[in-house]
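For reference, the structure is listed below as C-alpha cells.
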Amino acid sequence: MASELGMGELEVEKHVNYILSVEKNTDSFESVVMEHLRINGAYWGLTTLDLLEKINSVDSKEVVSWVLKCQHESGGFGGNIGHDPHLLYTLSAIQVLALFDKINELDIDKVSNYISGLQNEDGSFPGDMWGEVDTRFSYVAICSLALLRRLDKINVEKAVKYIVSCKNLDGGFGCTPGAESHAGQIFCCVGALAITGSLHHIDKDLLGWWLCERQVKSGGLNGRPEKLADVCYSWWVLSSLIMIDRVHWIDKAKLAKFILDCQDKEKGGISDRPDDAVDVFHTYFGVAGLSLLEYPGLKAIDPAYALPVDVVNRVFFGR
Amino acid sequence: MHGRARKTPTPQEEKAFALKASKLRPLQSQFLQFHHNKTYTKEALEVCAKLLEANPEYLTAWNYRKVAVEHILSHSETETEIDPESIKSIFSEELRVTERAFAQNYKSYGAWYHRKWVLSKGHSSIDRELQLLEVFLKKDTRNFHAWNYRRFVAALKNRSDEEELQFTTDMISDNFSNYSAWHNRSVLLSQLLEKKVQGYFPKEKVLTEECNLVHQALFTDPDDQSGWFYHLWILDRMVKVESPLLVSTWPPHGSSINVSVKGCLDKSTLSPMTSFDLNTGTIPVILYFSEAVEGVNSSTINVESIYDATQDLIWTPLSTNNSGSAQAWVTYLNFLEEKFHFLQANPLKVSVGHSQGIVSLNGFHCAHPTEFEFTVYVQPPTSQHTDLQCLEMISWGDENFHICETHLKESSPIKFSYQLENNEDNESTTYKWKAETIANEIALFRELLSEANCKIGKLTLARLLMAHDVIMSYNKSSDTYKLAHSEEVLELYCDLMNSDPSHSQFYKDEYSLVLLQQLTSNLESLLRHCYHYRDLSSSSIHGHICLRLCNLSLSRIGSIKQLLWIQMLDLSHNQLRSIEGLEAMQLLSCLNLSHNQIGTFSALEPLKLLKALKVLNVSYNEIGAHSVNTRRYLCSSPLSHTVGSDWNFSEFAIDSVDVANYWEAFFIFKDLKLTQLDIIGNVVADEKFKVFLLKVMPTLKWLDGVELQRHPKP
Ligand SMILES: [Zn+2]
C-alpha cells in the first residue's frame, strides 16, 4: 500500500534506534525535563516498539522492576521513583505491565482501590488527592480498572453521566461541564464511553463531521477549529473516528503522508510538524496513527485502550 | 515538544543545554529530598519555587506546595492563631509562584490548578483575576486553560450569565474567528434560554438575533469554520422538536394483517404484503420513534384487544449495546392460544405516550399522545407444515425477481405507513415561524453561494433544503410527503464530493440518506423497487415481495421507518460498511448484502435482533481484510463490558483456532438461526472457518449454495 499511494516509507529501524537512544541518554536536558513523567515516556516508547514488532530489544525484567518501584504506598503510581502518585501515571504503569503480560505482578486490589477511592459523588474523577477534576481522569480511571478487570469497583453509571454532562454544541467533549471541545479530550470521553458500552450517548454524525473537519489541506489533523495540524492529533482524532465508525470520512492516504513527512529520516523519530524537532511523544502518536491507518508492517492498535490489539485481546480473552 | 525547529544544535547551544540540565538536576534531587523528609522551611520552599519556574509541569512540586501551606497553617509554632495578614501573604506567595510558572508555560495544567486551589481557599482577593485573564486571552484568544479559568472565576464572583455573554459578544466583535468564544456563548445561551431569564424569552426572538449575529461572521469570512458550527447549532435549536415523537409503527394504523399459526399462507389469494408465515405464533408490534428513547413498557404503552392476552407485554429496545434505550421498540403478540378463532377479526388498539415515562436521552418526555389501530386475522393452517425458507434454497439471481402486479398498491399496508408522520400543528405560530425562518436562511445562503464557493455553505444549504421539505411535509393530508428539493440536494452533495475530495465519503453517506429518503417518500416510487420473488425452477407457489435496492452505490442505510414491513431485502452491489438501523426490521427473513464493503462480523450485529432472519448473503465483502475494526466498540463484547463473562467459547473452539481471532464471528452467529448463509468471497472464509460456522450454527442447511450433508434430505 505504501508505494501504491505514493507514500514515503516508514523508517522503522531508525525510529527503533531513536527510542532506544532516548532511553539511554539520561543526561540530556530533555530527559531531565521529562524526569517527572518518565513512566509516560516508557509507555510511549515501549508501545511504539511493540507496534514496530521490536519490543524484544528491551530488557523486560528491568522495565517491570523499575515500574513497580514507581508505586506509591497508596497504591497509585508516580511519574518516576519517589514522585507523588497520580491517575495519569497509574494508567501508564498498568499499560506497560500489560505490554509485557505482567499485570499479575501487581497487587491488583491495592491499585484498583486507589483508583476507585478517588471517584467523586457526581461520578467524576480527580487526578489525585488534590482534587483537580477533568474528563481525562475519568478515561484514565475507567481504562485502568478495565485492564485490571475491576470496573465493578466504581459507579460506572455515574461516571458515564458525568462524561455526558461535558458534551458540547458540536457533539464533542471538554474537560469539565461547559469547557470547549478538544480532540484530546474527545478521545478520552469517547474512549471511556466505548469501554463502558455507552457510545449511544454520542451523536456520531455530528461529532464525526466535526472530527473529520479537523483534516486540513496538508492532510494533517488539528485538534480544534482554525488551529495548526499536529501529528499527535492523528491519534486522538483517528481513534475517536474509529470508535464511532466514521473514520472513512477523512482522507487516510493524505494523513499517512503527513505523518511520514514528519519523520526525521536521518536520526529517526517523528515531530509535531514537518521539520520540527522530534520527541518520543510524537513518535508514538505518529506510529500509532499509521497503525490506525492500516499501514503495512505495523501491529494493529486498539483505539480505546491505546495498546496493541493482541495485548488487549490477551487481557480480555486470554486464559 | 511543540513548534521547535529540527536542527542539530550548535556547540554553544549544546553547552547551554548542558548548563541548564546541570542546574535543574540538583534542584530536582534537592526538592525530592525535602519532600520525602517533609521539610517545609523557607529554603525548601524556595528550591521548590525555582524548580517550578524552570519546569512548571513538575506535578509533585505543586503537590508539595499545597502540603506545605496546609502544614504551615496547622503547625503554627507559637500555638496562637496565625494572623490573617500572614495567611494572606502565604497565599499571595503561592499566586506569585503560579505567575512565574505561567511566564514559562501558560498552558501548564499544574499551575492553573494550583491557582484555582489557592483561590478556592478564600484568603485571596479575586478582583485581579479577570484582569490577569484579559492579558492571557489577548496573547492567545483560544487558550482553553484561560477560558476554563474564566468560567471558574465567574462562578466564584457570582457574575451573571448575561455579563459573561456580553464578554463573548465583545470577543467575537473583536474577531469573528474565535471558536472558543462561540463555544462559550452556546453554553451561556443554553442556560439563559433554559431559565427563561428576562430578555431571553421567547426562544424564537433570541434565536433569530443569534442567527443574525452569526451571519455577519459567516459572510465576513465564509472559509473560517468558527461560526459555522455555532450556526448549525442555532438552526438545530430552531428546527428540532425537543420531545421525542412516534413516527412509524408496524402494523401501520388502519391495516389488516393475515398470519398463519402453522405452515405457509397461500399467497396467491392473499396479498404477500400483508401475510406472514409465523411458525412461532407471534407477530411483532414495532414502535419507531424520532430518536432513541427509554421507558417503553406495559405501563407507558397501552394495548387494547378483545382478549386480555395483551396484558403485561414485554417491550424490548432494538439496540445493539444493551443500553436500555432505542429508537425502535418491539413486542410480540401471541396468537398461538386456542381462543383465537380462525378468520375472526382481532382488532387491536395501541396507545402511546398517554402516561409519562417515555423519555429521550436528553431527558425530554414524549409529549404527543398517539394511537393506532389494526386488525389481525389468523389463517387456518395449510397442508404444508414448513415455511418457504426451510423448504428451498433462496437464489438471488435476477431471473427470480418479477415486476410487481399493480394490485399490490391497493392492498398494501405500506400506504398506511405514511399517515403517522409528525402531527405538529401547522397553524401554530411556532410552525409558521420555523417555516419562514428556514425559507429566509435558504434565500440567504443561495446569495452567499452565488458570490463565494464555500463548502460548508453548500452543506448548510443542503441541510436547510431537507429541513424545509420535512417541515413542509407536515402541511399535508395526502398519503405521501413531497420532497420538493431532493434533486437539488443530491446535486449539491455530488458537487461537494468533487470539490472537497478529502471528505467525499462523508458527502456520499449524506447523499445515500437523501436518496433513500427520496426513494421511500411515496408509494409509487417505493413500489418501483419491489419485486415478486419466484424461483422458476421450483415447484413452490409461495412468493415473497422483495425490496431490491441494488446497484445504487448506497454507502449507508436510512429511512428505516418507511421499511418496517419488509420481509425480503436485497441490498447487494452497493458500498455499505454498516447496516446500522436494520435491527428495526423485525419481519425481515431474507437479506442479501453481497458485494458491499462490510469489513467485520461486528458490523452484522443488528442482525442478532432479527428473530425472523433465516437467509443471509454476505458474500463478496471485506470481512477479514482489515486490521482495524471500526465496529469493535459499537457491538456488544467483553471489551465494552456489554457482555458478561458467562459466555463459553471453548466448546466451539477447534484445533489451532485462537479465540481472539473468531470471537467477533462467535458473538454474531451464536444468536442467529440461519438456514442459509453465503460467505464466499471474504478473506475470512477459509475451510477452517466454515467448520467453525457449522458448529456455532446447527440450523444451517446451505452454505455458499451447497446443501450441507449433515441434514438428510426430507
Ligand atoms: Zn502535538
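FYI, it's all coordinate maths here, none of it is from the lab. Quick caveat: nothing in here was measured; it's all calculated off a predicted structure. Don't worry about glycine lacking a Cβ; one is built from the backbone with ideal geometry, like all the others, and counts go over all protein chains shown.
Miscellaneous remarks
- Calculated from the alpha-carbon coordinates, the protein assembly as shown shows an Rg and a Dmax of 31.2, 105 Å respectively.
- Neighbour net charge for A:Glu266 - beta-carbon separation under 10 angstrom, K R +1, D E -1: +2
- Packing-based exposure ordering (other Cβ within 10 Å, fewest first) of A:Tyr18, B:Tyr377: B:Tyr377, A:Tyr18
- Sequence-separation-based contact order of chain A, relative, with Cα cut under 8 Å and 6+ spacing, percent: 18 percent
- Once backbone amide H atoms are built at 1.01 Å from N, A:Ala277 has B:Arg4, B:Ala5, B:Arg6 as its partners under 5 Å, excluding neighbours fewer than 5 places away on the same chain.
- Over 29 Å between alpha carbons, listed pairs B:Lys240/B:Lys561; A:Lys69/B:Lys50; A:Lys204/A:Lys299; A:Lys110/B:Lys157; B:Lys38/B:Lys121; B:Lys42/B:Lys116: A:Lys110/B:Lys157
- Among residues other than B:Leu674 with Cβ under 13 Å from its Cβ, the summed charge is +3 (Lys and Arg +1, Asp and Glu -1).
- Cα-based reach from A:Lys267 at 17 Å (exclusive), listing lysines while leaving out same-chain residues under 8 positions away: A:Lys14, A:Lys24, B:Lys7
- Shielding score for B:360-370, defined as the mean number of other chain Cβ atoms within 10 Å: 1
- Per-residue ³J(HN,Hα) for the range B:22-30, Karplus 6.51 cos²θ - 1.76 cosθ + 1.60, θ = phi - 60°, Hz, x for Gly and Pro: 6, 7, 6, 4, x, 4, 5, 6, 4
- Gain in span if fully extended, B:Gln356 to B:Ala21, counting 0.36 nm per residue against the direct Cα distance: 113.9 nm
- Environment charge at B:Met497 (Cβ cut-off 10 Å; Lys +1, Arg +1, Asp -1, Glu -1): -2
- Backbone HN-Hα couplings from phi across the range B:428-442 [Karplus 6.51/-1.76/1.60, Hz, Gly and Pro as x]: 5, 5, 4, 4, 4, 4, 4, 4, 5, 4, 5, 4, 5, 4, 4
- Gain on full stretching of the segment that runs from B:Ala155 to B:His626 - 0.36 nm per residue minus C-alpha separation: 164.6 nm
- Proportion of all alpha-carbon pairs of the range B:17-170 beyond 27 Å (%): 31 percent
- Test item: B:104-111 mean partner chain Cβ contacts at 10 Å: 1
- Between B:His71 and B:Glu134, the distance separating the two model label sites (each 7 Å from Cα on the Cα→Cβ line) works out to 4.0 nm.
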